[in-house]
Amino acid sequence: MAEAHPVGFQWVMEAKRRGAKVFHVDPRFTRTSAVADSYLPIRAGTDIALLGGVVRYILDNELDFREYVLSYTNAATIVSEEFSDTEDGDGFFSGFDPETGTYVQDSWQYEGNEGSSGSGHTAKERDSASGLEHESHGAQVDGDTPRDETLQHPRCVYQILKRHFARYTPEMVERVCGIPQDKFLELAEAWTRNSGRERTGMLIYSVGWTQHSVGVQYIRTGAIIQLLLGNMGRPGGGVMALRGHASIQGSTDIPTLFNLLPGYLPMPHHADHPTFDEWVDSIRHPGQKGFWGNAGSFAASLLKAYWGDAATPENDYCYGYMPRMTGDHGTYQQVLNMIDGKIKGYFLLGQNPAVGSAHGRAQRLGMANLDWLVVRDLFMIESATFWQNGPEVATGEIVPEECRTEVFFLPAASHVEKEGTFTQTQRLLQWREKAVEPPGDARSELWFFYHLGRKLREKLADSPLPRDRALLDLTWDYPTHGPLAEPSAESVLREINGYDVATGRPLSSFAEARADGSTAIGCWIYTGVYADGVNQAARRKSRHEQDWVAAEWGWAWPANRRILYNRASADPDGNPWSERKRYVWWDAEKGEWTGYDVPDFEKTKPPSYRPPPGASGTEGIAGDDPFIMQGDGKGWLYAPSGVLDGPLPTHYEPVESPVRNPLYGQQANPTRKMYAHPVNSVNPSPPEQHSQVFPYVFTVSRLTEHHTAGAMSRTVSPLAELQPEMFVEVSPELAVERGLAHLGWAHLVSGRAVIEAKVLVTDRLTPLRVEDRLIHQVWLPYHFGFEGLVTGDSANDLFGISLDPNVLIQESKVGTCDVRPGRRPTGPALLDLVADYQRRAGINPGHNAPAVTTDSEGKEQGAS
Amino acid sequence: MGLRTFIEGWPVYRQLTGTDPLGRGAAAKSDGSRALTARTDTADSMARSVCPYCAVGCGQRVFVKDGQVSQIEGDPDSPISRGRLCPKGAASKSLVTSPLRQTTVRYRRPYSTQWEDLELDTALDMIADRMLAAREQTWEDVDTQGRPLNRTLGFSSLGGATLDNEENYLIKKLFTAMGALQIENQARI
Ligand code: SF4
């Protein structure tokens, strides 16, 4: 965090000054480790084993915050008799379908709800990354569920959890992660001691957790711990995603993602959502408790914002205009389709996949096989010049005279040359004022897309084709201003906020959304950002003039609420858990919830409220159910649906690992998304043969001085000067083993690529003892490419394409490679070297590694 | 120079007698540094902004002189950053004023070995034509069972995460209305 989010890290130091103990878990000793109280080196890709060890420690020692756990989580809920755990299935839960490599979730349900998993078979969910829909709400579950408040029932969640993690002992943590037992116990003890009524602990993660084939389950494990310790919905608690880009949270909320619409509404699927009503019902789940009961209003209001007067209740608000998904249309599938010649054009908007995405060669080969490519950026990036300067030009795979891709480079406006909002990592929207005009032809994306849309509509104005109606009926009349005819970002923000159609009055809250066409809302979770016609995101009341919650700085979704589910900061009766941790509480005199933040609960629903039998929607949420977006109002220790690779997290090895899974016969996540394509491959891992061809683990991350694919830092002289060269960090032991000289060269080989880097021999990396062998890990920054002031080979070239099944994010934090002294070969000799490694490793490009690995050998080890 | 002026010229004297006992501000100033004025004092205007790099969202103050960015500093009012910027945020001025920035449209014809110039409006027009053509060639009305698809898989988009919310909103809205499904973002990566 000190390295990648330096200014955010000041708060960790602030906490440390007040007595907090800081633990840093990382494969490499970093600037964060340097100021932490304890540093735990870990084998990359084994976090579930570590966190699972903490869960076991909590349960075995009964250190959970019992009152919180009983009232606010599903610990007491009883699970179906049909459910069987990975402990009994050698790494598989019940319901696995080897044909598709996905689960049927019926047996994971709560008792009596077996038929209502909704999703049922999850192959489709995986292709459409439907896990992402749950960023703002839980998955479907019936409201009325059997419970055992004594937590003794063998099939209650608490007992299932206990059995599931029983083998995640300190010894096992050491065996899997390479973390010494005393270090682990120090962490577990401090974490649990710092939780309860008087204290809270926070968990912070970043893409070191998400970019894995089991990424979502990493975060689930963290969430289980935080629920067990009563750290959710309370000040100083929570699970915080430290996101990596100025508005990456905004890019998820108002998604430019294939499977989502604004506010986490799903993009319609051709088979599941043929009609408006089926689409809405799939979101609101009739009969379910919680706030998603209003989904129809959000959905109708979005379509109303898109298609204005043309959208009426009679025509289902033009639902028929919506394009439909049929499967996986994600960025990696797209790139493979480009290589196969199925895609003609590509827009890159401030993004540099030639360096920033996994499997750089596949990215560049894809771009070289397009009809046209539009690159909008501040700088001439690698993704614009791959046809001229890319590594494949050197190897002869791309010949400029034979490459047909027509490239448009359009300069973009910088963040000071336009106005608009970023949503930072705590869901806080901050408006930026414009300081200067953009230079020359540089324009904002707002300008580009507004005027592009205008032109497209002009060109189609006389079209009789039904398919052009959606474009022609679109509301696209934003006022423009200034010499460049810049569209008004405030008018767009106003539409995002939503308005009353008849009067144009901006809405104040998403509770005002209606399903009758009387409201239009571009993104319902952002409603309120333009309340009273005032740009709330532009608020800049100094921190010196307000309390520590700073509610008048910017605006946070939803409803300017700074901590989600903050009803949990009070006990079931509505009183603060403790004076120290007072945040939101029930004021019995006034009959309302009050506190420092906007209460995340119906304002006047008393703690004593109990829903009438059969109640659904918001009515079904009891006065002591803080998790109001969940179908049962509870925090989920166990997820009966919604998570495609299991109701509980399980340790699987990374897709590429030198180690046989010590816990189960099943080696890697059996539900991961794989692509059998000639350009893609996976290095062998046990129990497959030849894993020793790639004996070392590599991991990548950021340097303080650079930013992602380098377009905004390798082009900026002070930053380029601070980190001028691509390098690889290796331990002194590995340097001896492989004959690497400090400040000399090394090259790294995977089944996809070979890259070179300067060698930094340092004890920031240390070999780990895992299962009686030494595992060497090397570390690389992933910022380098072949353009800019400072250049170097791209670490992402080493990775293949394997994705997490829930969200289709690639495993690009861990892979295997060989490390060799000296510079890499150039030209065709480079391809020969990769081919030689592929041959020795028995890699057969275009074929997937086996998903199921519970062979006899696995069984033996899995049982140990 | 009188003795008194001489003694008062000593930084340590000023440090001991003045308002700057730690000797980090006024007491340590030389005649040379006293004569300097901060770029922030002479700016024509100041815009409240946000750092464009990571998602911490540090506040920035962007100072403008003669229509050019003259300085970018941390915003001391921000409850998030309390005026601080990391090396990247502090290099923001170098980012927006970098001589490497492209300020004109560049165009590479198929099979060409070089870039050419192109008018912005022409480029926009050519891009619109190509989108419509790709859409035309790849349009899918219905699936094999006659259920609506209303889409094109003929072109795609990958956006960075320094796009404003308003920009993302228009991108998604326009693509969706064109039936273009394949729209992705760094948020997937
Ligand atoms: S100044 Fe540094 S920590 Fe702050 S937002 Fe910018 S990059 Fe992130």
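The values are calculated or read from the model by the stated rules, or taken from the named source; none is laboratory data. Here the structure is a predicted model, which is why all the values come from computation and not from measurement. So basically every Cβ, Gly included, is an ideal-geometry build from the backbone, and we count neighbours across all protein chains shown. Quick note on the areas: whole protein, heavy atoms, side chains included, nothing else; ligands and nucleic acids left out. Shrake-Rupley method; radii C 1.70, N 1.55, O 1.52, S 1.80 Å.
Brief remarks follow.
- Matching residues, the range A:725-753, being touching a residue at least 12 places away in the same chain (Cβ under 8 Å) and either loosely packed, with under 15 Cβ neighbours inside 10 Å or among the acidic types (Asp, Glu) (or both): A:Glu725, A:Glu729, A:Glu733, A:Glu737, A:Gly739, A:Ala741, A:His742, A:Leu743, A:Gly744
- Of the residues examined, A:Ala34 is one that is away from chain B (no Cβ under 14 Å), more than 16 Å from the ligand (Cβ to nearest atom), in a helix (DSSP H, G or I) and not aromatic (Phe, Trp, Tyr).
- Whichever residue in the range A:483-501 is in a loop (DSSP other than H, G, I, E, B) and either among the aromatic types (Phe, Trp, Tyr) or free of Cβ contacts under 8 Å to residues at least 60 places away in the same chain (or both) and, among such residues, is surrounded by the most Cβ atoms within 10 Å (Cβ to Cβ): A:Ser488
- Screening the candidates B:Leu124, B:Leu95, B:Leu132 for the property of being farther than 30 Å from A:Ala246 by Cα, within 7 Å of another protein chain (Cβ to nearest Cβ) and not in a loop (DSSP other than H, G, I, E, B) yields one hit, B:Leu132.
- Residue within the range B:40-55 that is more than 14 Å from chain A (Cβ to nearest Cβ) and either in contact (Cβ under 8 Å) with a residue 12 or more places away in the chain or buried (at least 16 other Cβ atoms within 10 Å of the Cβ) (or both) present: yes
- Within the range B:59-80, the set of residues being open to solvent by less than 10 Å² (accessible area, probe 1.4 Å), more than 11 Å from A:Ala435 (Cβ to Cβ) and near the ligand (Cβ under 10 Å from one of its atoms) comprises B:Gly59, B:Ser78.
- All positions within the range A:755-772 that are open to solvent by 50 Å² or more (accessible area, probe 1.4 Å) and touching a residue at least 40 places away in the same chain (Cβ under 8 Å): A:Asp763, A:Arg764, A:Thr766, A:Arg769, A:Glu771
- Of the numbered criteria (1) within 16 Å of the ligand (Cβ to nearest atom); (2) more than 30 Å from A:Leu428 (Cα to Cα), the one B:Cys54 fails is (2).
- Hits in the range A:701-716 - residues which are among the small types (Gly, Ala, Ser) and either more than 8 Å from every other protein chain (Cβ to nearest Cβ) or under 10 Å from A:Ile381 (Cβ atoms) (or both): A:Ser701, A:Ala709, A:Gly710, A:Ala711
- Spans of helices (runs of 4 or more DSSP H) in the range A:382-474 with at least 2 residues within 30 Å of B:Val64 (Cα to Cα) and modelled with pLDDT of 95 or more: A:445-459
- Among the conditions (1) at pLDDT 95 or above; (2) of a type in the set (Val, Ile, Thr); (3) farther than 20 Å from A:Met240 by Cα, A:Ile563 misses just one, which is (3).
- For the range A:388-432, filtered to residues that are of a type in the set (Val, Ile, Thr) and touching a Ser or Thr at 6+ places or on another chain (Cβ under 9 Å), the residue that is farthest from the other protein chains (Cβ to nearest Cβ) is A:Thr395.
- Residue, nearest to A:Gln546 (Cα to Cα), within the range A:572-601, restricted to residues that are among the hydrophobic types (A, V, I, L, M, F, W, C) and open to solvent by 30 Å² or more (accessible area, probe 1.4 Å): A:Val598
- Here the range A:13-31 is the region considered, the condition is being in contact (Cβ under 8 Å) with a residue 24 or more places away in the chain and within 16 Å of the ligand (Cβ to nearest atom), and the residue that is least open to solvent (accessible area, probe 1.4 Å) is A:Thr30.
- Single condition A:Trp387 does not satisfy, out of (1) touching a residue at least 40 places away in the same chain (Cβ under 8 Å); (2) at negative phi: (1)
Results for (1) more than 16 Å from the ligand (Cβ to nearest atom); (2) buried (at least 24 other Cβ atoms within 10 Å of the Cβ); (3) assigned to a helix (DSSP H, G or I), shown as yes or no for each residue.
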residue: A:Gln217; (1), (2), (3): yes, yes, yes
residue: A:Ala223; (1), (2), (3): yes, no, yes
residue: A:Arg243; (1), (2), (3): no, yes, no
residue: A:Thr256; (1), (2), (3): yes, yes, no
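- Evaluated against (1) within 16 Å of the ligand (Cβ to nearest atom); (2) in contact with a Cys (Cβ under 8 Å, 6 or more places away or on another chain), B:Pro110 falls short on exactly one condition, (1).
- For the range A:502-518, filtered to residues that are polar (S, T, N, Q) and farther than 23 Å from A:Thr252 by Cα, the residue that is least open to solvent (accessible area, probe 1.4 Å) is A:Ser518.
- Among the residues of the range B:136-188, those that are in a strand (DSSP E or B) and within 29 Å of the chain's Cα centre (by Cα) comprise B:Phe155, B:Ser156, B:Ser157, B:Leu158, B:Gly159, B:Ala180, B:Ile183, B:Glu184, B:Asn185.
- In this structure, B:Leu95 does not qualify as in contact with an Asp or Glu (Cβ under 7 Å, 6 or more places away or on another chain) and open to solvent by less than 40 Å² (accessible area, probe 1.4 Å).
- Sole exception among (1) out of contact with any Asp or Glu (no Cβ under 7 Å at 6 or more places or on another chain); (2) facing chain A (nearest Cβ under 7 Å); (3) at pLDDT 95 or above for B:Ala161, by number: (3)
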